[in-house]
Structure formats: C-alpha cells, structure tokens
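Student: Provided herewith is a single structure, encoded as structure tokens, for subsequent inquiry.
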Amino acid sequence: MANGRKKLKLDKRMLSILKGLAVYILIALAALIFFYQVSGPPQTGNEVPISQIITDVKEGKIQKILLEGDKLTADVKNSDQKLTSHKEAGESLYKILEASGVDPKLITIEVKDTSIQQAWIGLISAILPVIILVGLMFLLFRNAREGAQGIFSFAQSRARLFTKDQPQIKFSDVAGADEAKKELEEVVDFLKSPQKYKEMGAKIPKGVLLVGPPGCGKTLISRAVAGEANVPFFSIAGSEFMEMLVGVGAARVRDMFAQAKKNAPGIIFIDEIESIGRMRGMGFTGGHDEREQTLNQILVEMDGFTPNDHVIVLGASNRPDLLDPALIRPGRFDRRVILNMPDLEERKAIIKLHMKGKPFTDDVDVEKLARRTVGFSGADLANMLNEAAILAAREGKKAIDHIVLEEAATKVKLGPQRKRMQTEKDRKLAAYHEAGHAIVGHNLSNVDPVHRISIVARGLSGGHTMFPPTEDRSNETKSRLVEQITTALGGRAAEEMVFKDISTGAANDLEVASTIARDMVTEYGMSDLGPINIKPRPMFGLWSRMTDEGGGVSQAMQAKIDTEVKKIIDSSYKQSQQILLKNKIKLDKVANTLLEKETLESDEFEKLVGKKKVLS
C-alpha cells in the first residue's frame, strides 16, 4: 500500500512536469513562428537581388534556377556557387523574365511545390495562438481553484496519521518507564480486545495525560502504545491548531476527531497540550480568544453529547499546573501517568538500549556509568552516547572508552569546551574560585563527593566543580539544602579571602544559593517563620496585570521572607569562610595544581586533601 501511494505521487509529479514542459514548448514554438512571419525567411551569405540573377541569365552565367515558393536558387555554370534571391509574392518568374527581355527557355527552371508546407504554417500560425490562450486561461483557473481550496483547507486537521503499514514502536523499544508502561497496558489491551471489558461493564479511559519533565519519553511511549495496540495513530502538536483566522482551531479539532472516528479504534496524541489547554481566563484578552474556542471544542469532543468510543486521546505536558480543570477532570483525561527522571535501574536499561550498534572497550562499566548520570533524562543519556560515538570517531578511536564517555557526559550537562585566551590573573581567579567550592563541599558531610574540578571554560561558565549525586533521592533535608548553599558560596568566599576582592564570576552561584534559600522559607517551611507555605502565587488575567497584585502575600510578610532568606545566606557564607580559613594550605595546593593541570578528577583531588568524611 505504501509503495502504491509512493508510485501514485511519482506519477502525479511526472504528469505535472510534463504539463509544464508542454506549455513551454508551445510558447517557444509560437515565438518562433511569430519571428518567422515578422522577419521573413533567414538570410544567407549568397543572397543577391533578383535583378542580378536576371542579368546573369542574360549573360549565360546561370545554368538552372530552383523555385521554392518565392525563393530562387540559381546554379552558376562551371562552379559550385549558388545564388539565392526572392521574388515578390504572387508574381510569376516566367513573366518577370519575359518582362526583362529574357527568354525563359534559355535556362532550366525547376518548380518545387510548397503549397502544403505553406498551408501548414498558415494553419499553425492561426490555431496556435488560440491554443496558447486557452492553456494560459486553464492554468490561471486551476491556480485560482487551488488557492480557493488552500483557503478552505485551513479548517482541515494537521494531524499526521501513522498506519499499521508504517514502522511500529513497541514497549520493548522503550527502556525504563516500567510503571508508566504498566498503566498504559490496560489501554493497549482495551484497543486489542474491547469486548471483555464491555462484558464486565467497564469503560476505558477517554483520555490519558502523560506528565513529566522534558526528555523523559512522553512522545516515545505514546507511539509505543499505538504500536502495541496496532491501531492508527494521529499525532499533532498543540500549537498546530492555532491560526490567525478565528474558528480555525475549533474546526481542526472537529476534523481530527472525525478522521479518528472513521479509523476507530485509534489513538489521538496531542503533544504540548498546555499550549491550547491553558486555564480559561488567564489570557490578557479575556475569555473569547481563539485558543479558548479551540479548548472548548476539545472538551466537547472528548465528553459531549456525541459518543466518542474507541478513540483514546493521549496528551503530553510538562506543565500540568497550567491546564484547565475541565480538561483534566474524570470523563476527559481520566488518568494521569507520571514519567519521572529514570532511576538507577532504568538508566542502566536506557544505556544498554542505546549502546546497541556501538563498539565499546572492556573498561566501560554500565553500572558505574548509570551511577555517574544521576539526574539525566532518557534524552540526555541518548545524547551522551551519541556524543561519545562522535567524539571517538573524531579522535580516530576504534571503540568508545570511559574517557570519551566522561567527556560526553560533561558536554551534555555543561556544554562543549571553549578554548579561549585567558590572562594569568583570570586563570588564577578561576582556580581559587573552583578550589573554594571543592574544599567547602569536601568538608561538609551532606554534600556528595567531588567528581571533577576544572578551570576549562564550558558553555557560559569559566570553570566548574561537579558534585554529581551518588544515589537517587526523592526528598531533601534542611541540613543538606543549607550545605548546598554553603558550597555554592565557597567560590565567592575563596576570592574574597585570597584576593581581598570579589568578581562577577559568582553570579550564577549567588542565583542558585538565593533560589534554594527562598524556597526553604516560602515553600518548604524551613525557617523561623514556621511550617507554612507562603510562596507567592502568580495571578493571571487582565485584573492582575493592571493592579500588579503579587498573589496574596502582604508587604509585611514579604519583608519577613527577605529577612529570613538573608539570614540563611549570611550564615552559610560565614560557614564557608570558616572552612576555608581552616584549610588555607589545602586551598592553595588545589588551586596551584589546577593552574598546572587545568582539570582534577576525584582521585587526584583526594590525594591532595584526603578522603571525605561522610556521616553514617
């Protein structure tokens, strides 16, 4: 079937090319005929006046004359030379010779009949302009019709249909996400055998909302559901419903559901659904914009008066808090499947899946690599292994080793190296800054061990100190958050202690520390204000934009929040200063080694400062 469609498209394309070629040939032919009629026959090098030919006949120089219509070709005696001339149209050559006192019998005159040729030229010159005019009119009308159809096609769905004949993705192609796959197995089973559910009086969910951060496989697992169920799969992004014309989005929703019902049982997948499913009334223009009409139509199609059996809607979003309550209520999106960052076992499965087809050295340990990549999404892991393959090929290696994988993992998280010229002062400042982070974190029991320190610029940073988590954590304690703030401020503290000055290099550290401290106060209840959530809630809509309300937090409470945040930051900064004063010799040693080597791995760092003490 796919080959048939492909052949049909090629035939249509070839027919279109031939039509265009025919038009160009007709135009060129018409231009040639017009040029011939206007300019007359082409001139040759032996063209002479007819009077000269008559004179040559009188003098006996001409042996024979060939007459072709109005054209004369005279053969000169005792020579290969031929003279050409033209007589006036309608005049007889015999009469011209007799009028000039020449007996036509003195020479041989051959007459070639060109009446048929002249008749065809006349016929073509008369009919061809009409044909060209009709052809041009046809092209104009066809383009106008296609333009009109293009206008009406605005209301047609832009969803891409993936049928059974196309390559299918199965659950086996999706590594990790075991809990999500179990939730979706019921959807697959219903699409395969709906009768057993109907016999029990059960109804399959009309919609399943996939929620998770970017790169966790929401789109991939949706295609796997369609592949497992072996049903048609309509895929569309939420932004594809929107156009300048009012009502187009709602019309496309109607058309998409109509197509899905014709191909039922089937699946509709709407990616980034928050772009059209936002809470109504949150826009600046009120409640009558195009986006809200599109949302209203989706609500009606999913759970309205018209039954919508055997068509399941899968939606994907990383911002479920923005969705309208009417969209995610039972009866529309009945289920919410959470896809989190992969844990250790899931990362191992993802790494093994993407290692297929790539050569690796024997020193590559999947377990160690999975522990190294805590916090990586499935997309990050796939990108890391691809970058490792590219780097190994660029360096001329036969297989991917652990050094290449480490560089690829760092590149995915921090960006590529930037080889730029740095002054010695900048290098020294970066070395003490990064050494400050490392020394402070090394002396705090709740901070993960140092993995790598480098003063090589990556991305927007002039250097980096990496503390990758050694285990997957679902919660954070107050002591650990405070020590994270203290570690983040270690670079600024080292600069101030060594250079008696501070730089702009700590801007990102201050942002990280301030964000953690403010969340501790307003969201986690980890301050003297007590166990209360006072995080300012954003106000949406026209009224909040005009009044600039801050979400229900008074100015007095905001001042208390700022005081508590500053108290946490000041306390952590003093602690980082104290740690660096006690370890000034180690700080100098690490900084000087960084200036020499530029990068220190965990084992090299621990040789300089000793093993990390971790509380049990």
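The values are calculated or read from the model by the stated rules, or taken from the named source; none is laboratory data. Predicted model, so just to flag it, every value in this text is computed and none were measured. Every residue, glycine among them, receives a Cβ derived from its backbone with ideal geometry; neighbour counts consider all protein chains shown.
Student: Scan region 506-536 for residues that are more than 43 Å from the chain's Cα centre (by Cα) and exposed (fewer than 14 other Cβ atoms within 10 Å of the Cβ) and jot them down.
Tutor: Correct list: 528, 530, 531.
Student: Would you mind telling me which numbered condition in (1) crowded, with 19+ Cβ neighbours inside 10 Å; (2) farther than 30 Å from residue 402 by Cβ; (3) modelled with pLDDT under 95 residue 559 fails?
Tutor: (1)
Student: Based on what the data block shows, is residue 440 assigned by TED's automatic domain parsing to the domain that holds residue 477, β-branched (Val, Ile, Thr), outside any helix (DSSP H, G or I) and at pLDDT 90 or above?
Tutor: no
Student: Okay, moving on. Of everything in region 315-330 that's aliphatic (A, V, I, L, M) and touching a strand residue (DSSP E or B) at 6+ places or on another chain (Cβ under 7 Å), which residue is farthest from residue 223 (Cα to Cα)?
Tutor: 322
Student: I've got another one for you. Filter region 335-361 down to the residues that are of a type in the set (Asp, Glu) and surrounded by fewer than 18 Cβ atoms within 10 Å (Cβ to Cβ) and list them by number.
Tutor: Within region 335-361, 343, 345 meet the criteria.
Student: Could you please let me know if residue 454 is within 19 Å of residue 417 (Cα to Cα), modelled with pLDDT of 85 or more and among the polar types (S, T, N, Q)?
Tutor: Yes; evaluated as a whole, the condition is true for this residue.
Student: Also, quick follow-up: Between a residue in region 207-229 that is closer than 13 Å to residue 378 by Cβ and any residue that is part of a helix (DSSP H, G or I) and of a type in the set (Phe, Trp, Tyr), which pairs come within a Cβ distance under 9 Å, given they are 6 or more apart or on different chains?
Tutor: So the pair list comes out as 221/171; 224/171.
Student: Filtering region 562-600 down to residues that are among the β-branched types (Val, Ile, Thr) and touching a residue at least 12 places away in the same chain (Cβ under 8 Å), which residue is surrounded by the most Cβ atoms within 10 Å (Cβ to Cβ)?
Tutor: It comes out as 590.
Student: Further, regarding this structure: Could you pull out the residue among 431, 408 that is under 37 Å from the mean Cα position of the chain (by Cα) and either free of Cβ contacts under 8 Å to residues at least 60 places away in the same chain or on the phi < 0 side of the Ramachandran plot (or both)?
Tutor: 408
Student: Could you look through region 482-505, keep only residues that are surrounded by 23 or more Cβ atoms within 10 Å (Cβ to Cβ) and hydrophobic (A, V, I, L, M, F, W, C), and pick out the one that is nearest to the chain's Cα centre (by Cα)?
Tutor: Once the filter is applied, the top-ranked residue is 488.
Student: Are any residues in region 284-309 modelled with pLDDT under 60 and touching a Leu at 6+ places or on another chain (Cβ under 9 Å), and if so, which ones?
Tutor: 284, 285, 286
Student: Among the residues that make up region 199-221, is at least one of them in the same structural domain as residue 270 (by TED's automatic domain parsing), more than 17 Å from residue 334 (Cα to Cα) and assigned to a strand (DSSP E or B)?
Tutor: no
Student: Return the pairs, sorted by first residue and then second, in which the second residue is in a loop (DSSP other than H, G, I, E, B) and of a type in the set (A, V, I, L, M, F, W, C), the first residue lies in region 349-377 and is farther than 21 Å from residue 212 by Cβ, the beta carbons are less than 6 Å apart, and the residues are 6+ apart or on different chains.
Tutor: Pairs found: 359/399; 360/399; 361/399.
Quick grid of which residues meet (1) exposed (fewer than 15 other Cβ atoms within 10 Å of the Cβ); (2) within 29 Å of the chain's Cα centre (by Cα); (3) outside the structural domain of residue 448 (by TED's automatic domain parsing); (4) at pLDDT 90 or above:
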residue	(1), (2), (3), (4)
363	yes, no, yes, no
374	no, yes, yes, no
386	yes, yes, yes, yes
400	no, yes, yes, yes
